[in-house]
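Asks: This is the structure I have questions about; it appears just below.
Every read-out reported here was derived from the displayed coordinates using simple, explicitly stated rules and does not represent laboratory data. Since this is a predicted model, take the numbers as computed values, not measurements. Here the Cβ positions follow ideal geometry from the backbone for every residue, glycine too, while neighbour counts run over all protein chains shown.
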């Protein structure tokens, strides 16, 4: 009589298949991934405050963080260490919460508290795996309506600008929706007068994009260009850099803010308008004129459509 048990070629009996729910030997990984992956292993290392800040700065640069991000992040971490009087490895959740409470009670503003909270989370949790902000929510943003100028107010503002440079600078922010940090960094080689476009290189979020340039600005470009071109900035710094020319540095955003403030005062505009108000006005007027909201999102460089839809709510309703 034949053996009813199925066998392998080596004559051993078939083994029952093991399902995904079958018990298995536990795999124990004795490695500490936190120590291996941490930028600074604060569980075993005891760096001084200055050494810690230097290591964090190096990591931020390696990860291609923007200069405008690195500076406030380092400032926030330095402020925390000085306020607490502790070394980096001594930081804990309770101390972080006490520090953020100190900022709130000192009326530093919700925006500044958010920056400090994000910087602490990035440095101590993301880089060092200390989890000192675990369970800590980022402070809520104040829900304020953006300041939007009417088309008549924009015209008065540009007429009140005290120089050709200021007219072009403020006009570009309104005509293209560029941020202050983007308009001051525009170089002549990024302006295509044949196609009427401006290429924004590595804008917010390290993203490149193009914006349309109104043909009416050609004459202004010719007036401010002079002998500049190529890698020179469209709006060079007012101060001459050490060992170089002013064209090797871009105009300070503070200078743009002062130019805007002066033009607002001369034009008699009573709204609390800033350079960013021109960006808000561009988006709002574009939507009111029938431009698709996704097109506006692309021009503004918004990652999320929800950020752009705020202009839908503040736009004037279409006339019947």
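Asks: Direction-averaged shadow area of the convex hull around the Cα atoms of the range 151-314, nm²? Mind showing how you got there, number by number?
Replies: Values: hull surface 40.0 nm².
Here the figure is 10.0 nm², rounded to one decimal.
Asks: In addition: Out of all Cα-Cα pairs in the range 102-175, roughly what percent, to the nearest whole number, are more than 20 Å apart?
Replies: Details: 1556 of 2701 pairs.
Across the range 102-175, Cα pairs with separations above 20 Å total 58 percent.
Asks: Taking each pair of distinct Cα atoms in the range 265-306 once, what is the resulting Kirkwood hydrodynamic radius in Å?
Replies: Numbers: mean 1/r = 0.0860 Å⁻¹.
Result for the range 265-306, one decimal place: 11.6 Å.
Asks: Oh, and also: On C-alpha positions alone, give me the angle between the axis of helix 93-105 and the longest principal axis of the chain, in degrees, nearest 10.
Replies: Between helix and principal axis, roughly 20 degrees.
Asks: Further, regarding this structure: Starting from the alpha-carbon convex hull of the range 4-139, give the projected area averaged over all orientations, in nm². Before the final figure, lay out each step's value.
Replies: Numbers: hull surface 56.1 nm².
If you wrap the Cα atoms of the range 4-139 in a convex hull and average its projections, you get 14.0 nm².
Asks: Under 15 Å from a point 7 Å along the Cα-to-Cβ line of residue 101: which residues of the range 119-136 have their amide N that close?
Replies: Residues passing the 15 Å test: 136.
Asks: Using only Cα atoms, find the angle between the long axis of helix 164-176 and the longest principal axis of the chain, and express it within 0 to 90 degrees, rounded to the nearest 10.
Replies: Between the helix axis and the principal axis of the chain, the angle is about 50 degrees.
Asks: A further question on this structure: Take the alpha carbon atoms of the chain, find their radius of gyration, then divide it by 2.2 N^0.38 Å using N residues; give the quotient. Numbers along the way, then the final one.
Replies: Numbers: Rg = 28.4 Å, N = 320, 2.2 N^0.38 = 19.7 Å.
Expressed relative to 2.2 N^0.38 Å, the Cα Rg reads 1.44.
Asks: What's the FRET efficiency of residue 152 with residue 207 using the Cβ-Cβ distance as r and R₀ = 35 Å, to the nearest 0.05? Show your work: numbers first, answer last.
Replies: Values: r = 33 Å, r/R0 = 0.96.
Plugging the Cβ-Cβ distance into 1/(1 + (r/R0)^6) gives 0.55.
Asks: Hey, fewest Cβ within 10 Å first, where do 195, 34 land in order? If you can, show how the numbers build up before the last one.
Replies: Working: 195 10, 34 14.
If I rank by nearby Cβ atoms, fewest first, I get 195, 34.
Asks: Measure nothing fancy, just the Cα-based angle from helix 253-267's long axis to the longest principal axis of the chain, in degrees from 0 to 90, nearest 10.
Replies: Helix 253-267 sits at roughly 40 degrees to that axis.
Asks: Quick one: 291, 128, fewest Cβ neighbours within 10 Å first, how do they rank?
Replies: Values: 291 13, 128 26.
Taking fewest neighbouring Cβ atoms as first place, the list is 291, 128.
Asks: Tell me the mean residue ellipticity at 222 nm calculated for the chain from its helices only (DSSP H runs of n ≥ 4, each -39500 (n - 2.57), averaged over every residue, nearest 500). Present the calculation step by step, with values, prior to reporting the outcome.
Replies: On the way: 14 runs with 142 residues, N = 320.
Result for the chain, helices only: -13000 deg cm²/dmol.
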